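Asker: Can you read through this structure? Questions will come right after.
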Amino acid sequence: MKAIEITAIWFAMLLLVGCSHELTDVDAGSGGLHLCISLDRKAFLDYEPIFLEWTFRNTTKSIVKIANATADVYFTFCLVDSGGERHLCSPPECPTLGPLQITILAQGESTKARIDLRDYLASHPLGSLTLFAVYKPPELRGTQDFLSSKLTSNTIELEIRPARGQDGKAAKLVAEAIAKRGEGGYVGIFYLDRELSNRIIEDTSSSRFGAAANFYLGLRQFEEAKHLTLTKGQYMDKASAYFRACIATKGNHYLRGLSYSYLLHCKAEGATSISKDEASRIAAILTEEYADSWALMNAKSIIDKQKGDVPASDAP
């Protein structure tokens, strides 16, 4: 799988027409190119993150080019409740200029991306729901061999329940933070609001919300540390501590995978608290338990690089 970018200059030479998220006349697919979605679990709590991955897989004998395959802007995610009401989950705005990412998939290749579906939900539906996704590619003039028809994904049954007990206490903190934030709503709340994540960890014993809080504290620390120089390793060690805390909560198997993945990135970026043996164990866990996931894809280049100089160890 290859991914290239067309810069703003080249992008201006292409005409992108429309960015509608209407769900009408949806095609079932495009030959042997398949769109598949998956969730980190089947039952969720209100205000809990809903992690979704989508995968484009090419089962044709030809090369397929996809525009912005890993960008959510051309997707609509639709939740249908038991009463038939649709809750559309779409990015709020469509870009007009900027780099256009082209993903090239050869036969048998695939590419993945992930989101927190709650970032796009304007409401908080409860009960039994059905989820599917639609990818509507941009209309590109002057190009060939691009996917040009809409794709619809598989459907997934899920349930969203009211949070109770310690989970309910944590959910209330999230709801209060959203209300205090105002216009931004839920979008990126765990990542952006460190006070919220720290309060969930300190004031509740919710393993599910605690896993999310620790992961996002680690992710933000990691992203900020990447821009440092002299103290980069020190801050990567702090990020690693949050990722380890997420793994220790055992509140979310999916977030454990992401945390393992980012631990390898922390080591690659200079964290000294992660030994070669630990990195080898993490690679084994990702390969065995998260074989078809974004977490493994995110760390694959690091795992491939360390195969030749890291002794194999059994997973803990």
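Any read-out appearing in this document is the output of simple, stated calculations on the displayed coordinates, not a laboratory observation. Source: prediction; values computed, not measured. Neighbour counts are summed over all protein chains in view; Cβ atoms, including those assigned to glycine, are modelled from backbone coordinates with ideal geometry.
Asker: Can you sort Ser149, Ser293 by how many other beta carbons sit within 10 Å, fewest first?
Answerer: Placing the least packed residue first, the sequence is Ser149, Ser293.
Asker: Suppose R0 equals 30 Å. What FRET efficiency, 1/(1 + (r/R0)^6) with r the Cβ-Cβ distance, do Ser149 and Ser82 give to the nearest 0.05?
Answerer: Calculated transfer efficiency: 0.45.
Asker: Taking the beta-carbon count within 10 Å as an exposure proxy, list Ser240, Ser273, Ser301 from fewest neighbours to most.
Answerer: Fewest to most other Cβ atoms nearby, the residues stand as Ser301, Ser273, Ser240.
Asker: Still on this structure, I have one more. Counting other beta carbons within 10 Å of each residue's own, what order do Thr272, Thr60 fall into, fewest first?
Answerer: The order, fewest Cβ neighbours first, is Thr272, Thr60.
Asker: Could you give the nm distance between label points at Thr229 and Cys36, where each point is 7 Å from its Cα heading toward the beta carbon?
Answerer: 4.6 nm
Asker: So for the pair Arg244, Ser275, with labels modelled 7 Å out along Cα→Cβ, what separation do we get in nm?
Answerer: Result: 1.2 nm between the two label points.
Asker: By how many nm would the segment from Ala71 to Gln107 grow when fully extended, if each residue of separation counts as 0.36 nm and the alpha-carbon distance is taken off?
Answerer: Working it through step by step, the gained length comes to 10.8 nm.
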